[in-house]
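Derivation of every value follows stated rules applied to the coordinates shown; laboratory data play no part. Owing to the predicted nature of the structure, the values given are computational and were not obtained by experimental measurement. Cβ atoms come from the backbone with ideal geometry, glycine included; neighbour counts cover every protein chain shown.
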Amino acid sequence: MIQDIADKIATGQRLTAADARRLYAHPNVAELGLLAHAVRMRRHPRAEVTFNVGRNINYTNVCWVKCDFCAFYRAPGSAEGYTLPNEEIFAKIDELVAFGGDTPKSNEILMQGGLNPKLRLDYYEELFSQIQSRYPSVQQHCLSATEIIYIAHLSKLPLDETIRRLRDAGLDSIPGAGAEILNDEVRDIIGFRKDRTQEWLDVHRIAHRLGMRTTATMMYGHVETLDHRIEHLQHIRDVQDEGGGFTAFITWNFQPDATDLGADPKRWNGAKATGFDHLRTVAVSRLFLDNIDHFQASWVTQGPKIAQVSLNYGVDDFGSTMLEENVVSAAGTSHTREMDLANMQRLIRNAGYEPCRRDTRYERVAALPNPQALALAAQRAPTTSSAQAAAS
Ligand code: SF4
């Protein structure tokens, strides 16, 4: 039924949107896995799965955008709003460095937050430059396109100048958050105040032109159709053809708990994406996005077991050790506690691969993390959310 598409994949031909539609409709998800896995092994022939030593730091939860799928934000003026003091951010990085060691740019901080009207470009420039000078081992993989667009707007600067100044202050690379589904009709339904499709794409285009690396994401399983998902993948593939700066693609499904969208039966049908939908989506993405090297497992939303299975559906990377996660857990899903380093390595080995540490640019890092150092650092430093009470 899909032999002609399988032939195209075997000979390295590019798939069309119509091919992707047929793959999505193909009833045998295991066959999609075989095709996607063959492409993964062609690109990365070694039986290895990489992982990254990293930590999420959600520096502020204050956000005026109020996306209907988001359980993380607090509106400006909320008593539960916070902005972490710099010392608190540094304490979190101390923990990460104690865990990950001192190889240059080997420890990733994924620092993201809401669109906080009080934080302008100078706040970020000062914070990034301080982190850069204090922590040579840290890769600053920070901000979403959405945050960057807002920083430019608040600071009355063009996007390219804003990104250049952030880069010069120490921002190394940009995560793909905020993409959701790149279709404006969908964006209007799930978060109408959010940036438009072309604005999100432009941030990544500009960053690639400036020599920066970014990642691409997709959040599915809410109000979109399969055609919207394929349109999203087409946008990502087109931008990658232009600049080649996406290092990886990561997809996860909508987490409905404590969100306005999840509570609204007029917009959401209440059916959370299944494991098969996830595996199908991962496989089709690997097959369609023929110009992106790496695909990450989504254990934060899918849990360790589906993440492990996805290693045979085109995924070659287990993502970050993620010492801390606040956004998805706010929406009722949390697998971070069960995913320590030992368990991540066990899951990878048990699936038939050797775990290998990498940095944000997917270069191998020889030094392994030291969990004992993390425990000691945690005793010394004030951890995580004591600053939750700090008003923004
Ligand atoms: S998803 Fe981002 S932009 Fe939207 S409300 Fe949450 S923090 Fe704000």
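Using a 7 Å offset from Cα along Cα-Cβ at residue 238, what residues in the range 1-32 end up with backbone N under 20 Å from the label point? Counting backbone N atoms under 20 Å from the label point, the list is 14-22. The amide H of residue 64, built 1.01 Å from its N in the peptide plane, has 115 as neighbours under 5 Å, considering only residues 5 or more places off or on other chains. Computed from backbone phi, the HN-Hα couplings of the range 235-247 come to 4, 4, 5, 5, 5, 5, 4, 6, x, x, x, 6, 8 Hz, rounded to whole numbers (Karplus: 6.51 cos²θ - 1.76 cosθ + 1.60, θ = phi - 60°; Gly and Pro given as x). Please express the Cα-Cα pair-distance distribution P(r) of the chain as a list of whole percents, one per 20 Å bin, running from 0 to the bin with the greatest distance. Over the chain, the share of Cα pairs per 20 Å bin runs 29, 62, 10, 0 percent. Label point 7 Å out from residue 66 along Cα-to-Cβ: which residues of the range 181-205 have amide N under 20 Å? Answer for the range 181-205: 186-196.
Of all GluC sites (Glu not before Pro) in the range 41-130, which ones are in loop regions per DSSP and have a Cβ with at most 16 other Cβ atoms within 10 Å? Write out the running numbers ahead of the final one.
Numbers: sites: 48, 80, 87, 88, 95, 108, 125, 126; in loops: 80.
For GluC sites (Glu not before Pro) across the range 41-130 that sit outside H, G, I, E and B with at most 16 neighbouring Cβ atoms in 10 Å, the list reads 80.
Phi angles of the range 197-214 translate, via the Karplus equation with coefficients 6.51, -1.76, 1.60 and θ = phi - 60°, into HN-Hα couplings of 3, 5, 5, 4, 5, 4, 4, 6, 4, 5, 4, 5, 5, 7, x, 8, 9, 9 Hz per residue; Gly and Pro are given as x.
Working note: Karplus 6.51/-1.76/1.60 with θ = phi - 60° gives the range 94-111 the couplings 4, 4, 4, 5, 4, 6, x, x, 10, 4, x, 6, 9, 10, 9, 9, 9, 9 Hz, where Gly and Pro are set to x. As a length-normalised measure over Cα pairs under 8 Å and 6 or more apart, the relative contact order of the range 10-389 settles at 27 percent.
Amide hydrogen proximity for residue 368: with H placed 1.01 Å from N in the peptide plane, no residue at 5 or more positions away or on another chain lies under 5 Å. Each label was represented as a point 7 Å from its Cα along the Cα-to-Cβ direction; for residue 257 and residue 34 these points are 3.8 nm apart. Amide H contacts for residue 214 (H built 1.01 Å from N in the peptide plane; partners 5 or more residues away or on another chain; cut-off under 5 Å): 174, 246, 247.
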